[in-house]
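*Asks:* Dropping a structure here in C-alpha cells format, bear with me for questions.
Please treat every number below as a calculation from the coordinates, not as lab data. Note that this is a predicted model, so its numbers are computed, not measured. Here the Cβ positions follow ideal geometry from the backbone for every residue, glycine too, while neighbour counts run over all protein chains shown.
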Amino acid sequence: MIHLPGWRLEIPKRNIAVASNKCRVTVKDIMADGDRDIFVYRGVQAPRNVTHVRIDKSVEVIEEHAFFNCEHLVQVETHDGIRKVGSWAFYNCRSLRSINLRSVLEIGDAAFHGCNSLGRIDLRSAVEIGEAAFQTCENLVDVKFGDKLETIGNSAFSKCTFLERLKLSSIIAVEAGAFKSCKALTSIELSERLETIELCAFRYCDRLQRIAIPLKRDLFLSDWRYLLNCQFDDCDQLTTVDLVGGVHNKIIASLHMESWRIEMIAEINRINQVLPNTPAHVKTAAIKQWMDSVIDKIDHYKAEHHGYVKEAVTLLELALWKAKLDEKDENGAAAGRTKTANIIDAESARKEKRVTCGADTVIRNVIPFLQLQECADHVPVNLPRVAVIHV
C-alpha cells in the first residue's frame, strides 16, 4: 500500500511487479479529486486496478493494451487532441461507463471489446473502426457516426444487443459480421458512397425492419466457395428496402417513353411487395436479385433511349441541311427582287421549310433526350455529334 499526504491509494504490489516494465507509476501520475483518486495517463500501460483516468494533454495516441483488462475502470476523461485509440486499449473494461471519443479518427482492433457498461459513444470524427472494436458491448444503445467514417471492420459492433438505429452517411465498406446479432436494431440507413457489404454484416438482426441502400451492382460480397450472400439473412422482420441517392430517380424521370417510366417505378416498388413473404434465410438473395433486375432494366431503357436520341439527332441534322439548301435556292430565284422583298420572302420561306421538313418537331422533342446524359452521370451516354451548320 502507498500512502500520500491527504489521500490514500491502494495498489497491490503484485500488479506493480507484474507490469513493472510497462506501468511506471509515480506520484505525479496520481492526483486526488475529492474522494476519488485519478490516474493521469501519459502513455504505455496503466495499472489494472485504476477506476478513474484522465488522459494527459500531451497524449495523442492511447497505446495498445493501455488499459487492457482494467475491470474496475469506470470513467476516462479525454481531450480534443486524441487522434487514435490503439488495439486492445480498453479490452474487457467491464465497468467503463463513460469516455469521450469525439476527436478520435481511428479505433483499433478490439479497442473496447467487452466493455459491457458503455451506453453511448460519440464517433463523429472517426474515419476507420477496427475489427471487433466494440464487440459484445451489450448495453450500447446509441452511437453517433459522423460524415468522415469510411470503414467498419469485421465484427466491429457484433452482439451489441441494445443498439437500435444506424445512420452511416459516409460509409464505403461494411466488413464481415460488422453488426451481426444486433438483436434490437430496427432501421439502417447506409451511404450513397457505399461500395461493399461483406458476408453476414447484418445477419441475425431479428428486429430489423427497414434498410436504405444505394442501387449498385455487386454491392453484396459473395462467398466464393459457395456463391452465397448472407448479409441480411435471418432478419425475420425485414420488409422494406429504400434506395438512397437520387440518380435512379433522375434517370427514370428523364426517360422519353411514359410506359418505360411506369415500368421502372413498378420494378423498384416490387421488392417491398415480395420481401415480407420471403423466407428469412434467403432475404439477401431476394434483395440482390431485385437490385440486378432494376439495374438491368435501367440499362435496357437507357440503350433504347440512346437509340431514339441518335435517330432524332440524325433527323435534326438532315432537316437543318435541307433548310439550308432550300434557303439558297430561294435566294437565287429571288435575285431580281427588291432588297425588302428578298428579306420578307426569305423569312417566309424559312418558316415554311422549317415546318414542312419537320425541323420544328425534332427541335421540340430532342431536348428531353439530351437531359438524360446530365442525370445519368455514373453511366455516361455518348451522343452522336451534330455537324455545325453556319446559316
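*Asks:* Compute the distance from the alpha-carbon center of the range 215-274 to that of the range 297-315, in whole Å.
*Replies:* The two parts, judged by their Cα centres, are 23 Å apart.
*Asks:* Right, something else. Near the amide H of Glu189, under 5 Å away, which other amide H atoms are found, from residues 5 or more places off or on another chain, if H is placed in the peptide plane?
*Replies:* Leu166, Lys167, Leu168, Ala212
*Asks:* Residue-wise, which Karplus ³J(HN,Hα) couplings in Hz belong to the range 284-298, taking 6.51 cos²θ - 1.76 cosθ + 1.60, θ = phi - 60°, and x for glycine or proline?
*Replies:* 5, 4, 5, 5, 5, 4, 5, 4, 4, 5, 4, 5, 4, 5, 4
*Asks:* Rounded to the nearest 5, what is the percent of antiparallel bridges among the DSSP beta bridges in the range 149-298?
*Replies:* 5 percent
*Asks:* Let me ask you something else. Counting other C-beta atoms within 10 Å, which of Lys57, Lys288 has the fewest, and how do the rest follow?
*Replies:* Lys57, Lys288
*Asks:* Also: Within the set of other residues whose C-beta is less than 12 Å from the C-beta of Glu71, count the net charge using Lys and Arg as +1 and Asp and Glu as -1.
*Replies:* Summing Lys and Arg as +1 and Asp and Glu as -1 gives +2.
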